[in-house]
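Have a look at the structure below, then the notes.
The values are calculated or read from the model by the stated rules, or taken from the named source; none is laboratory data. What you see is a predicted model; the values in this text were computed from it and never measured. Glycine gets a Cβ as well: all are built from the backbone with ideal geometry, and neighbour counts include every protein chain shown. Just so you know, the surface numbers come from the protein's heavy atoms only, side chains and all, with ligands and any DNA or RNA stripped out. Shrake-Rupley method; radii C 1.70, N 1.55, O 1.52, S 1.80 Å.
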Amino acid sequence: MKNMIGISADFDPVHLGHMKLIEKGKEIAEKTGDEVVIYLNKGYSANHAPFFTPFEARKDMALAAGADKVVGIEGLHHRLTLAYSVPIRIAMMIEDGVVDYVDAANVSTPEIIKYAQKFVKQGIFVGIPRNLPNRNVIRWFAVNEFLKEKYGRNMDFHIIPELEINNKEVNDKEFNDKEANGKESIGKISGREIRKSIIKNNMEIPEETKELLPKTTIKILQREIKKGTIPGRRNWDIIKKRMNTCSRPNLMNISYLNGNAINEIIKGRVYRDEESIWATFRRAGYGPVLTRLAISSIEEGVTRQEVVNLMKSYEEKGVIPKEQSVDKVIERSFYVADKCEKGEAASVANREFRSNSNIKIDDIPLFIDAGLYLTKFETKVLKRNLNNDLKEEASEKNKLNPQIYINKDGKLSCEIRVENKKIKTNLRLHSRDVTYIRYILDSQFIPVSAKIIKKKEGFRIRIFIHNQ
């Protein structure tokens with residue numbers, strides 16, 4: 001069985017910079033007799049956006065550019081951030097037999113190694129600073145080193161310089177501005193700029209853009225433009241419908257929406273255009289990448305439970321670092337809440353937890369009972385229906401299913417649908433528990449569920465943290 005030389009990419013579309021990656025792969029293959037395999041993102045890009053060019057067309061471009069094989073990767077980038085999807089993709093490549101990996105960067109390999117070592121040591125790939133040059137290459141290098149312990153080997157990295165043509169660097173990553181690369185921009189051309197140039201030119205490829213593309217790419221792009229498959233688009237109708245009609249509790253079940261984002265979504269209704277949607281997430285403090293991920297989750301109806309299930313499945317395989325595990329996120333939430341109650345600033349507590357892997361917390365509560373503010377009438381309705389709810393023959397449809405959410409005033413609340421009515425009430429909780437649950441909800445992917453229980457002192461809502 002042949003080993004493989006891997007390249008992981010969007011290739012949207014394949015340009016001359018990508019050609020250099022494939023040429024480097026072929027150069028290695030001539031010495032080893034291996035295959036050059038492109039791991040091509042499918043469905044959504046690594047930046048959580050729909051593709052400009054369909055997968056099959058990008059596959060044709062890659063093969064025409066000299067690749068021996070294309071493997072599609074899908075189902076990740078509308079569900080996971082890069083801190084989770086990169087380990088999964090690298091593990092897939094190692095398991096497939098990839099021994100060499102080719103990428104491009106504007107920093108040297110020794111510099112990449114130096115930057116990556118910090119993240120390898122911490123065993124966490126979340127929050128890599130934006131000011132690091134080629135930070136995604138650094139993330140890939142760090143994760144590759146991390147997985148060496150699991151597989152007993154990892155991929156050899158081959159980093160080539162980013163291609164420059166006419167004093168313009170060709171690169172499929174987004175613009176690196178002055179702040180990102182520490183120098184004045186020299187007009188880097190990216191895949192994004194190539195796509196924009198075609199759209200601005202009335203879906204004709206401008207002559208100056210053609211200079212950046214292989215002839216095979218030009219031919220395939222023109223074919224797809226004629227077929228009408230370019231550009232790929234989001235389903236804005238379903239996005240607007242969900243943002244216009246979903247209740248706060250239902251929005252809270254969608255991954256990558258925190259309390260602040262949900263409040264801004266409700267305030268911004270009614271949505272009629274794309275710009276108003278982007279503006280809502282900007283007001284909620286979301287950056288471009290997280291906004292794209294949140295919108296993709298809304299479009300696909302991705303739930304928090306779905307994301308956690310996916311994460312846990314790869315945790316069990318040893319692919320996700322322990323420090324990024326779902327349990328660790330829960331543990332950090334409780335630690336910060338506990339420290340806040342004792343007067344410590346949340347930012348300080350969070351930094352303490354991340355920097356000290358020896359912090360261990362026993363008996364983290366995975367369910368919490370909260371009191372309710374109910375009228376006599378509401379209490380009577382709940383009592384009547386709870387008795388039916390407890391009967392074994394009661395169907396799931398007729399069971400009481402309280403939903404937890406954050407109301408417009410930022411308070412933890414509960415909605416119970418019963419007898420064609422909605423009972424909405426704030427929850428009575430200890431201050432530490434309020435902070436803890438808020439941190440869980442603001443994690444953007446850990447689900448909570450709830451049920452009504454009856455105690456001597458009255459009705460309570462039992463809130464479950466990541467309960468199956």
Restricting things to alpha carbons, find the Rg to Rh ratio for the chain using the Kirkwood radius for Rh. 1.02
Suppose accessible area is computed on protein heavy atoms with a 1.4 Å probe; arrange His15, His466 from highest to lowest. His466, His15
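If you scale each eigenvalue of the Cα gyration tensor by 5 and take the root, what three semi-axes come out for the range 312-468, rounded to whole angstrom and sorted largest first?
33, 19, 12
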When all C-alpha to C-alpha distances in the range 78-131 are sorted into bins of 5 Å, what percent of pairs does each bin hold, rounded to whole numbers? 4, 14, 19, 26, 27, 8, 1
How much FRET efficiency would the formula 1/(1 + (r/R0)^6) give for Ala345 and Glu111, where r is the Cβ-Cβ distance and R0 is 25 Å, rounded to 0.05? 0.15
Projected area, mean over directions - the range 45-143, Cα convex hull, nm²: 7.4 nm²
Accessible area expressed per residue, the range 85-133, with surrounding protein chains retained (probe 1.4 Å, Å²): 41 Å²
Long pairs among Lys2/Lys31; Lys422/Lys451; Lys376/Lys408; Lys241/Lys267; Lys383/Lys455; Lys150/Lys360, criterion Cα-Cα beyond 21 Å: Lys376/Lys408; Lys150/Lys360
Taking only Cα atoms of the range 217-346, what ratio of Rg to Rh do you get with Rh as the Kirkwood inverse-distance radius? 1.09
Run the simple label-point estimate for Lys380 and Asp363 please: 7 Å along Cα→C-beta, distance reported in nm. 4.2 nm
Please compute the modelled spin-label separation between Glu27 and Lys210, points set 7 Å along Cα→Cβ, answer in nm with one decimal. 2.9 nm
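Considering only protein heavy atoms and a probe of 1.4 Å, how much of the accessible area of the range 251-334 is carbon and sulfur, as a whole percent? Don't skip to the answer; put the middle values down first.
Working: 1540 of 3120 Å².
With neighbouring chains kept in place, the figure for the range 251-334 is 49 percent.
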